[in-house]
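Beneath this line is the structure, given in structure tokens, with notes to follow.
Throughout, read-outs are computed from the coordinates displayed, never taken from laboratory work. Computed from a predicted structure; not experimentally measured. Glycine also receives a Cβ, built like all others from the backbone with ideal geometry; neighbour counts cover every protein chain displayed.
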Amino acid sequence: MKAKKQRPLVVATFAMTVDGKVTTKNLAPVDFTSRQDKLHLFRQRALADAVLIGHTSLKRDNVRLGLPAELQEARIRHGQTRCPLRVIVSNKGRIDDRLKIFQSDVSPIIIFSTNRMPRKTQKALEKKATLHLCKAKHLDLATMLERLRDQYNVRTVACEGGPTLFRAMLEQGLVDQLNLTVAPYMFGGARAPTLTGLSKEFLPASVHCSLIDMRTIGDECFLTYRIKH
Ligand SMILES: NC(=O)c1ccc[n+]([C@@H]2O[C@H](COP(=O)([O-])OP(=O)(O)OC[C@H]3O[C@@H](n4cnc5c(N)ncnc54)[C@H](OP(=O)(O)O)[C@@H]3O)[C@@H](O)[C@H]2O)c1
């Protein structure tokens, strides 16, 4: 029998409104959580060997995926690198090399994409990141995780979304923990994505979560779920 390959532990962190929305219909980089929540996101990122993001969130939010100085220093004191590896996933590969992440050198950037990435983009990105391009039209997320473990010694991945990537990982049983902040707002709107995106389809099987921690700070609730496999 073929042994099951080992993959890193995947911990996803999201914030959602009381009515389950993670953003508005225009996918605007909405700022609906507190400073405490932002610190929570940074702390979760600091615990990981790699931080993972989908192309749309990277583009929309234009994030660098670094860490505040105190958390960088704490990692160094523990014998770790300054910041986790930064990993981007994209099927089409049309990633703009002028995004802020490419102006910051806090940690290496790894891009998993396909041969659909235009040559010109490949040339531009090669100077700023390591590219892993597969021949298939779509990435295999399980293989990507195995590669992160085998080639980069990644044991823990902080998945920061967005919902399209999170859903794909969830459908394949690749998420182990969900840190969920419930923020005191409601947005409404059928076209505003929820945690599992916009798809009208049910998940292939319902995902069972086990609540392992719950804290409140002000009007926000910080939940930690273990995902049952
Ligand atoms: N509230 C929160 O906690 C939170 C967290 C994160 C993001 N967000 C919000 O979510 C919105 C974006 O979410 P989204 O669902 O549209 O986008 P997303 O998941 O960030 O990115 C989707 C894109 O990532 C790539 N991708 C996703 N899954 C893939 C897979 N299995 N294989 C290969 N590539 C994959 C594809 O890129 P290509 O199109 O290039 O092929 C896809 O179009 C933004 O507004 C952001 O602000 C909110």
Inset, instruction - Starting from one equal scatterer on each C-alpha and no solvent at all, send me the Debye-based log10 I(q)/I(0) for the chain at q = 0.09, 0.12, 0.17 Å⁻¹, two decimals. - result: -0.37, -0.67, -1.41
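Can you order the peptides 101-107, 42-48 by their average number of other Cβ atoms within 10 Å per residue, highest first? Walk me through the numbers on the way to the answer.
Values: 101-107: 15.7, 42-48: 18.6.
In descending order of packing, they fall as 42-48, 101-107.
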Legend entry - In region 173-229, the chymotrypsin sites (Phe, Trp or Tyr not before Pro) that fall in loop regions by DSSP, at most 15 other Cβ within 10 Å: Tyr185, Phe202
Inset, instruction - Arrange the following residues from fewest to most other Cβ atoms within 10 Å of their Cβ: His40, His138. - result: His138, His40
Inset, instruction - Using only the C-alpha atoms of region 1-64, find the volume of their convex hull and express it per residue in Å³. - result: 148 Å³
Legend entry - Estimated dipole of the chain in Debye, rounded to 20 [Cβ of Lys and Arg +1, of Asp and Glu -1, Cα centre]: 960 debye
Legend entry - Packing-based exposure ordering (other Cβ within 10 Å, fewest first) of Lys38, Lys200: Lys200, Lys38
Legend entry - Antiparallel content of DSSP bridges confined to the chain, in %, to 5: 35 percent
Legend entry - Kirkwood Rh in Å, taken over region 125-220 so that all alpha-carbon pairs contribute: 16.4 Å
Legend entry - Counting DSSP beta bridges with both ends in region 1-111, the antiparallel % (nearest 5): 0 percent
